[in-house]
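Step one of this worksheet: look at the structure below.
The values are calculated or read from the model by the stated rules, or taken from the named source; none is laboratory data. Model, not experiment: these values are computed from the prediction. Every residue, glycine as well, gets a Cβ built from its backbone with ideal geometry; the counts of neighbours run over all protein chains shown. What goes into the accessible areas is simple: the full protein's heavy atoms, side chains included, and nothing from ligands, DNA or RNA. Shrake-Rupley method; radii C 1.70, N 1.55, O 1.52, S 1.80 Å.
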Amino acid sequence: MPGDLKTNQQVFGGEHHSGRVARPLWTAMKRGALGRCPHCGQGKLFRAFVKTADKCDRCGEELHHHRADDLPAYLVVVIVGHIVLGAFMGIEATSTLSTWQHIAIWVPLTILLAVVLLQPIKGAVIGLQWALYMHGFGGEEDLIESHPEA
């Protein structure tokens, strides 16, 4: 009985079901984190601090339709929050710094870490979207879904 049922093995991260070639996920995310085109790894991904280029200047891959939205900012908050909070608690447990000393250490560190991490994380998110054919990277146009009527 169980042997009679045909089941497909579910594979995550590939495009075996659509006939499209699977793109290298980790390579694309690494290239994006380094500020390079997720397709070729040579062209610039950003034309300004967190403004993406419309297309790659080397391979011509269109990048304007990505939808990173707020995910990079949320990820930065989570990462920086864990680093700063853990370091603060460790320092607080082992030393006797005043409130002003804590402010002088943790506020600049928090701002610096957030600024340093924002571009690489946004690049990695765009690389993820490219590798998984999301939001126009698969050649189809994103359509807005309408609300089903009752």
Looking only at the stretch 118-146, and only at residues there that are more than 30 Å from residue 80 (Cβ to Cβ) and modelled with pLDDT of 75 or more, the one that is most open to solvent (accessible area, probe 1.4 Å): 146
Complete set of residues in the stretch 46-74 that are more than 14 Å from residue 35 (Cβ to Cβ) and touching a Leu at 6+ places or on another chain (Cβ under 8 Å): 54, 55, 73
Options 77, 84; residue that is part of a helix (DSSP H, G or I), at negative phi and surrounded by 17 or more Cβ atoms within 10 Å (Cβ to Cβ): 84
Members of the stretch 47-74 found to be β-branched (Val, Ile, Thr) and either in a helix (DSSP H, G or I) or surrounded by 15 or more Cβ atoms within 10 Å (Cβ to Cβ) (or both), listed by number: 52
